[in-house]
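K.L.:
Take this structure first; my questions come after.
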Amino acid sequence: MLGNFLDEFEKVTDYWSPRVVAQVNDQYVKVAKIKGVLAWHKHDEEDELFYVIKGSVTIEYEGNAVTLSEGDFHVVPKGKMHNPVAEEECWIVLVEPVATKHTGDIVVEGTVPIVDQLV
């Protein structure tokens, strides 16, 4: 498989709406444009990797936060409450198990089911 992340980002039209662009074994590779706040949530059984292509995002945790800039990556550990916040438009790549639900343990207005994330 050959792909180009920048080309894939051109297909993303809505914030907080990840698109699956590849699968590596039991992991999905997703692209998303984010801006603002989605929701505090956790993934009970899955780690989640954030990789920033453009812009910056702060991953808030209870009691602390991690800010990622272009080129940075961070793994959110399974079971850890977190809240991604992007003041300006940010382009991220997510790598997570195929069973990972968009907003983990909660469903909010912006939750996107996996069937709608598949390209």
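K.L.:
If we restrict to alpha carbons, what Rg and Dmax does the chain come to, in Å?
P.N.:
13.1, 41
K.L.:
Let me ask another. Collect residues whose amide H, placed 1.01 Å from N in the peptide plane, falls under 5 Å from the amide H of I53; neighbours closer than 5 in sequence don't count.
P.N.:
Amide H to amide H, under 5 Å and 5 or more residues apart or across chains, I53 pairs with G71, W91, I92, V93.
K.L.:
How fast does region 73-119 diffuse by Stokes-Einstein, in µm²/s, taking the Kirkwood radius from C-alpha pairs at 37 °C and 0.692 mPa s?
P.N.:
260 µm²/s
K.L.:
Given H placed on each backbone N at 1.01 Å, which residues far from W16 in sequence or on other chains put an amide H within less than 5 Å of it?
P.N.:
Those lying under 5 Å, H to H, from W16 are K33, I34, K35.
K.L.:
Something else now. Please give the contour-minus-distance gain from T13 to H74: 0.36 nm per residue of separation, less the Cα-Cα distance, rounded to one decimal in nm.
P.N.:
The span from T13 to H74 would gain 19.5 nm if fully extended.
K.L.:
A follow-up question, please. Each residue of region 25-40 in turn: what ³J(HN,Hα) in whole Hz from Karplus with 6.51, -1.76, 1.60 and θ = phi - 60°, glycine and Pro shown as x?
P.N.:
With coefficients 6.51, -1.76 and 1.60, one gets 6, 9, 10, 8, 10, 10, 10, 8, 9, 10, 6, x, 10, 9, 5, 5 Hz.
K.L.:
Turning to a different aspect of this structure: Do any GluC sites (Glu not before Pro) in region 1-48 lie in a loop, going by DSSP, with at most 13 other beta-carbon atoms within 10 Å of their beta carbon, and if so which?
P.N.:
Answer in residue order: E45.
K.L.:
Moving on to the next point. Between M81 and V108, what is the label-to-label distance in nm when each label sits 7 Å out along the Cα-to-Cβ direction?
P.N.:
1.3 nm
K.L.:
Just give me a number: lysine pairs in region 1-115, eight or more positions apart or cross-chain, with C-alpha atoms less than 15 Å apart.
P.N.:
Summing the qualifying lysine pairs gives 11.
Each value in this text was obtained by applying a stated rule to the coordinates, not by laboratory testing. What you see is a predicted model; the values in this text were computed from it and never measured. Cβ atoms come from the backbone with ideal geometry, glycine included; neighbour counts cover every protein chain shown.
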